[in-house]
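See below for the structure under consideration.
Read-outs throughout are calculated quantities, based only on the coordinates presented, and are distinct from any laboratory measurement. The structure presented is a predicted model; accordingly, all values stated were derived computationally and were not measured. Please note: Cβ atoms are built from the backbone with ideal geometry, for glycine as well, and neighbour counts cover all protein chains shown.
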Amino acid sequence: MALFDRKSERTVFPFTSLRVLPYQTYSGALNMALDYSLARSASQNDPPVLRFYGWQPYCLSLGYHQDQTLVDFEQVQAKGYDVVRRPTGGSAIFHSEELTYALILPRTDINHHDIYRFFHLLLARALNTLGYDVELNYEDDDENYLKQGRKRFACFNRPAFAEIKFSGKKVVGSAQKLYQNALLQHGSVLIGPKQNEIVQFLKLDHEAKEKYKKNLRESSVALREIHKKNISPNQIADALLSQFEASLPLNIYYEDLTDFDLGHAQKFVDRFKIQ
């Protein structure tokens with residue numbers, strides 16, 4: 001997995017500090033509003049931010065351009081889950097048993113493709129240290145997923161370049177959005193298999209849902225399915241930060257979300273709610 005050598009890693013990630021926002025759970029709309037507001041308010045002189053979070057309640061998120069008419073909203077609401085639209089593109093994710101991250105970088109002297117690959121490289125190394133024999137996938141999906149409709153509705157049913165896989169199955173799904181002054185990359189690390197329930201929220205008959213579920217299980221896998229052991233979001237976050245420290249001369253510091261961060265994000269919550 002040697003995409004970069006030590007010298008080029010410092011070139012790809014040319015920052016001297018990293019602000020880490022420790023793992024917290026929030027509603028789906030507030031999570032998306034936080035990612036959006038942190039990215040939109042970032043200036044070129046700000047340090048990068050790496051936020052770890054979860055979802056309470058569980059939430060179905062759609063990519064920025066996805067067709068919401070494919071969603072069975074009655075089924076989602078009956079379970080008590082939220083539905084949101086992400087500021088990033090990509091396909092749908094049912095956020096449940098996972099670690100979600102958001103990386104916000106000033107756009108000064110960075111290449112967003114390299115950042116994507118580099119972050120996944122560090123995350124793959126972190127999962128390796130935790131005992132998961134994952135590797136990076138180098139085959140891109142050349143299909144237009146938006147035109148594939150239901151076939152590519154779920155993020156974990158769609159391959160992409162430099163994705164983290166175990167035995168050919170996707171473990172992590174990520175997406176990016178470029179703003180005037182910042183890059184937002186956020187993604188999900190599958191811890192448990194509950195994300196497969198996304199099939200329940202598609203407008204499909206029973207036979208089609210079972211076929212889709214089979215395809216999803218063949219294309220994605222959760223960490224608890226790889227090894228029958230419990231692993232917490234914080235264990236993954238800590239292992240990832242260790243890889244940052246090993247690869248880069250970074251001052252990594254922890255800082256909770258401030259009242260300003262939360263208050264500013266609240267202004268954008270309604271932007272990401274669906275129904």
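Segment 175-275 holds helices (runs of 4 or more DSSP H) entirely within its bounds, and those carrying 3 or more residues that are out of contact with any Phe, Trp or Tyr (no Cβ under 9 Å at 6 or more places or on another chain) map to 206-219, 233-247, 259-266.
For segment 184-226, give me each residue that is touching a residue at least 60 places away in the same chain (Cβ under 8 Å) and over 20 Å from residue 63 (Cα atoms). Result: 191, 192, 193, 222, 223, 224, 226. Only strands (runs of 3 or more DSSP E) whose full extent lies in segment 1-90 are considered here, and none of them has at least 1 residues that are free of Cβ contacts under 8 Å to residues at least 12 places away in the same chain and either over 15 Å from the mean Cα position of the chain (by Cα) or more than 19 Å from residue 196 (Cα to Cα) (or both).
Applying the condition of being within 21 Å of residue 120 (Cα to Cα) and of a type in the set (Ser, Thr, Tyr) to segment 211-252 and asking which residue is farthest from the chain's Cα centre (by Cα) yields 247. Looking across segment 91-116, the residues that are more than 27 Å from residue 229 (Cβ to Cβ) and in a loop (DSSP other than H, G, I, E, B) come down to 91, 107, 108, 109, 110, 111.
Taking segment 35-94 as the search range and keeping residues that are acidic (Asp, Glu) and surrounded by fewer than 21 Cβ atoms within 10 Å (Cβ to Cβ), which one is nearest to residue 272 (Cα to Cα)? Top of the filtered list is 67.
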